[in-house]
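The values are calculated or read from the model by the stated rules, or taken from the named source; none is laboratory data. Everything numeric in this text was worked out from a predicted model, so none of it was measured. All Cβ positions, even for glycine, are placed from backbone atoms using ideal geometry, and neighbour counts span all protein chains on display. Quick note on the areas: whole protein, heavy atoms, side chains included, nothing else; ligands and nucleic acids left out. Shrake-Rupley method; radii C 1.70, N 1.55, O 1.52, S 1.80 Å.
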Amino acid sequence: MNTTAMLEPSVNTFTEPLLENLRKHPKRLVFTGGEDARIIRVASWLVQEMAAAPILLGRRDIIRRIAEQNGIPLDFVRIIEPAKSPDVPVFCERLTRIQKIIGNDEIDVCSLVVQHIHFAAMMTLYGQADSVIAGNSLGTAAIVRAAMRYRHDFQHPKLFGINILHIPEFAVRYGQGTYFTADSILTPVPTVEQLAHSAVETSKFARHLLGHTIQTSMLSASTLGSKPDLPANRVQAAVALAQAQIQQEGLTTEIAIEGEIQIDAAISHDAYSMRVKPSSIRRPSNVLIFPTLDAADITTRLLNLMGSVHSYGHILSGILFPLAMVTRLATEEQIYGTALIVGNEAIKYHHLYPEGTAPVY
């Protein structure tokens, strides 16, 4: 047995408050890819920190063998083999109902239920878990296809993903080091309505996790028409729509949305003063909304190459329960931080929907 592999979990100025909050309100987090040493170690960390009750989906003997080989304790870590679960029949009934609602009742529902992502979704819908972490053993496309069956509003089929980047150097240099970015995984060229929706929802998500007022920038290669040849009117229209939604929801004292704006002006006080206007009260942006998938993906991947950058997510927005996707290359620290995020999202979810009031099908 490898008895030296059980390292201490690492936290930073962003994740430490999330950990403390989860210790006060522990949640049940279900990991769909339980046959993974990274996931098993993260689950053990969550128990060690008294932050969550982790649930691993997978073959019990395989998970126990991996844990033993890596010296990872499994105390208070629950393991479920979906195909052998007595809940499969009732989950089949629930998913059949969902399939009829979305107009797709010609599939073998029970073959879906035993797939880990769907089984985890059913656990949350039946109150057996609070959040889902997937992706370490399943590609993004498969998770998104599954998640589409559990979205809040079937009239708006497009989902979007939120990434969180914690950059210590930026905190020192610009006074702000944690950034919520969208959308870097799903929609190649968002419409005006999609851009506005992602700006508003990402801002509210950041407001919940950070606990203070949010400055949101809707990004472009132009700042307030500085490049007239650039087709930035889509972002300009989205800014106006997002601002109207914030005002309608009475959130103008908590969230400020601006744009279109270049990324250096969004982050740097000096660049903002030069490109927009001098301001001693405007704080650097917490939320960065990218105009296209290309722009978001390239920026996020480039920043992730910096060894000091901490990257978490993706968090899928528009789902009936908190759901995060980690990549198959995710480190244990990234998975751990992402678990803390969706655990905190579950706290908000339970405040919004007390027992028995959550949206159901």
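Considered as a group, the residues in the range 186-220 that are touching a Phe, Trp or Tyr at 6+ places or on another chain (Cβ under 8 Å) and of a type in the set (V, I, T) include one that is surrounded by the most Cβ atoms within 10 Å (Cβ to Cβ), and that residue is T202. In this structure, is E193 in contact with a Ser or Thr (Cβ under 7 Å, 6 or more places away or on another chain) and of a type in the set (D, E)? It is false that E193 is in contact with a Ser or Thr (Cβ under 7 Å, 6 or more places away or on another chain) and of a type in the set (D, E). Of everything in the range 171-199 that's part of a helix (DSSP H, G or I) and out of contact with any strand residue (DSSP E or B) (no Cβ under 8 Å at 6 or more places or on another chain), which residue is nearest to D270 (Cα to Cα)? Step by step, filter the range 171-199, then rank; the result is Y174. Applying the set (1) polar (S, T, N, Q); (2) modelled with pLDDT of 95 or more; (3) surrounded by 13 or more Cβ atoms within 10 Å (Cβ to Cβ) to T223 leaves exactly one unmet item: (2). Among the helices (runs of 4 or more DSSP H) confined to the range 75-150, the ones with at least 1 residues that are among the β-branched types (V, I, T) and surrounded by fewer than 16 Cβ atoms within 10 Å (Cβ to Cβ) are located at 88-101. Filtered by the rule that a residue be in a loop (DSSP other than H, G, I, E, B), touching a strand residue (DSSP E or B) at 6+ places or on another chain (Cβ under 9 Å) and open to solvent by 20 Å² or more (accessible area, probe 1.4 Å), the range 286-307 gives a lone residue, P291. Of all residues in the range 244-267, those satisfying the criterion of being within 23 Å of the chain's Cα centre (by Cα) and assigned to a helix (DSSP H, G or I) are Q245, I246, I263, A266, I267.
Would you check if there is a residue in the range 168-191 being of a type in the set (V, I, T), more than 30 Å from I143 (Cα to Cα) and without any contact (Cβ under 8 Å) to a residue 60 or more places away in the chain? Yes, the range 168-191 contains at least one residue that is of a type in the set (V, I, T), more than 30 Å from I143 (Cα to Cα) and without any contact (Cβ under 8 Å) to a residue 60 or more places away in the chain. Only one entry of R283, R328 meets the criterion of being in contact with a strand residue (DSSP E or B) (Cβ under 9 Å, 6 or more places away or on another chain), at pLDDT below 95 and on the phi < 0 side of the Ramachandran plot, and that entry is R283.
The residues in the range 26-51 that are part of a helix (DSSP H, G or I), β-branched (V, I, T) and buried (at least 19 other Cβ atoms within 10 Å of the Cβ) can be counted, and the count is 3.
Across the range 313-331, what is the number of residues that are open to solvent by 20 Å² or more (accessible area, probe 1.4 Å) and within 17 Å of H116 (Cα to Cα)? Count: 2.
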